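Here the structure is laid out as structure tokens; the discussion comes afterwards.
The values are calculated or read from the model by the stated rules, or taken from the named source; none is laboratory data. Every value quoted in this text rests on a predicted model; they were computed, and no experiment measured them. So basically every Cβ, Gly included, is an ideal-geometry build from the backbone, and we count neighbours across all protein chains shown.
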Amino acid sequence: MIDLYYWTTPNGHKITIFLEEVGLPYNIIPVNIGAGEQFQPEFLKVSPNNRIPAIVDREPANGDAPISVFESGAILLYLAEKTGKLIPQDVAGRVEVLQWLFWQMAGLGPMAGQNHHFSSYAPEKIDYAINRYVNETGRLYAVLDKRLADREFVAGDYSIADIAAYPWIVPYERQSQKLEYFPNLKRWFETIQVRPATIRAYDKAEAFKNQTLDMEKSRELLFNQSANTVQR
């Protein structure tokens, strides 16, 4: 059994998609980040960076004590290795998947996240910042579109590389992007969108969608953190 500390963000969706794909039993423990639940001491023991998602594997493959993992990319890699699914077993195939997993973690996620922040959350609309991150998001879409020109999925067969990237494309309109400009990406996106596991994963999110505070309170909790707010 996997305990999944979860909220309805792109990074949270990555893990539910994977777990639904492989059929691994899991228990969702909601962490309402808009209400500040990510700062509770119990959660920080699992995720010291106070971010979702995080997991506790109650039944590690080696039979040892439970293992906790934070950071969505690390979780995907851990679960893929645990199950032997959605990651190639050969060295070359594994490298292909890992480099695109890291591409998402270091590029698509952070840049799209800043796009969301300056376009939707920032109290002051700064044109330079908005344009910077909208354009960089578009560049990354183009990189993915080019990659998908001659293959169905990012690294050959469907893998954790696709699962990592897909949820960050879902809010493309909010990111001021048009999938029509990226035909290969659009085809890939629509293929993953109708996978039964993807549908089930997003259905799970519906139960939590209305459990947020107003924008001002959420902004205070999410974006006013500093070194002084880390519990030490």
Mind listing whichever residues of segment 86-126 are touching a Lys or Arg at 6+ places or on another chain (Cβ under 7 Å) and at pLDDT 95 or above?
87, 88
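Taking segment 164-188, which residues are over 15 Å from the mean Cα position of the chain (by Cα), hydrophobic (A, V, I, L, M, F, W, C) and part of a helix (DSSP H, G or I)? Steps first, please.
Quick first cut of segment 164-188, residues over 15 Å from the mean Cα position of the chain (by Cα) only: 173-188.
Retained after the next criterion (residues that are hydrophobic (A, V, I, L, M, F, W, C)): 179, 182, 185, 188.
Result: 179, 185, 188.
From the list 37, 59, exactly one residue is in contact (Cβ under 8 Å) with a residue 24 or more places away in the chain and over 24 Å from residue 133 (Cα atoms). Which is it?
After ruling out the rest, the residue left standing is 59.
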Could you tell me whether residue 63 is modelled with pLDDT under 95 and out of contact with any Phe, Trp or Tyr (no Cβ under 9 Å at 6 or more places or on another chain)?
yes
Return a yes/no flag: does segment 194-209 have any residue that is closer than 28 Å to residue 91 by Cα, free of Cβ contacts under 8 Å to residues at least 40 places away in the same chain and of a type in the set (S, T, N, Q).
no
Can you pull out every residue in segment 188-202 that is over 27 Å from residue 130 (Cα atoms) and surrounded by 15 or more Cβ atoms within 10 Å (Cβ to Cβ)?
191, 192, 195, 197, 198, 201, 202
Would you please name the residue that is nearest to residue 175 (Cα to Cα), looking only at residues in segment 139-158 that are assigned to a helix (DSSP H, G or I) and either among the acidic types (Asp, Glu) or not assigned by TED's automatic domain parsing to the domain that holds residue 171 (or both)?
145
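When the residues of segment 167-180 are filtered to those that are out of contact with any Phe, Trp or Tyr (no Cβ under 7 Å at 6 or more places or on another chain) and surrounded by 13 or more Cβ atoms within 10 Å (Cβ to Cβ), which remaining residue is nearest to residue 87 (Cα to Cα)? If you could, list the steps in order and put the result at the bottom.
Within segment 167-180, the first condition is being out of contact with any Phe, Trp or Tyr (no Cβ under 7 Å at 6 or more places or on another chain), and the residues that meet it are 167-168, 170-176, 178, 180.
Filter once more, so that each one left must be surrounded by 13 or more Cβ atoms within 10 Å (Cβ to Cβ): 167-168, 170-172, 175-176.
Numbers: 167: 18, 168: 20, 170: 23, 171: 26, 172: 26, 175: 29, 176: 32 Å.
Among those that are out of contact with any Phe, Trp or Tyr (no Cβ under 7 Å at 6 or more places or on another chain) and surrounded by 13 or more Cβ atoms within 10 Å (Cβ to Cβ), it is 167.
Could you go through segment 210-221 and let me know if any residue there is modelled with pLDDT of 75 or more and surrounded by 12 or more Cβ atoms within 10 Å (Cβ to Cβ). Break it down stepwise before answering.
Narrowing segment 210-221 to residues modelled with pLDDT of 75 or more: none.
Checked segment 210-221: no residue is modelled with pLDDT of 75 or more and surrounded by 12 or more Cβ atoms within 10 Å (Cβ to Cβ).
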Within segment 152-163, is there a residue that is of a type outside the set (Val, Ile, Thr), surrounded by 15 or more Cβ atoms within 10 Å (Cβ to Cβ) and without any contact (Cβ under 8 Å) to a residue 12 or more places away in the chain?
no
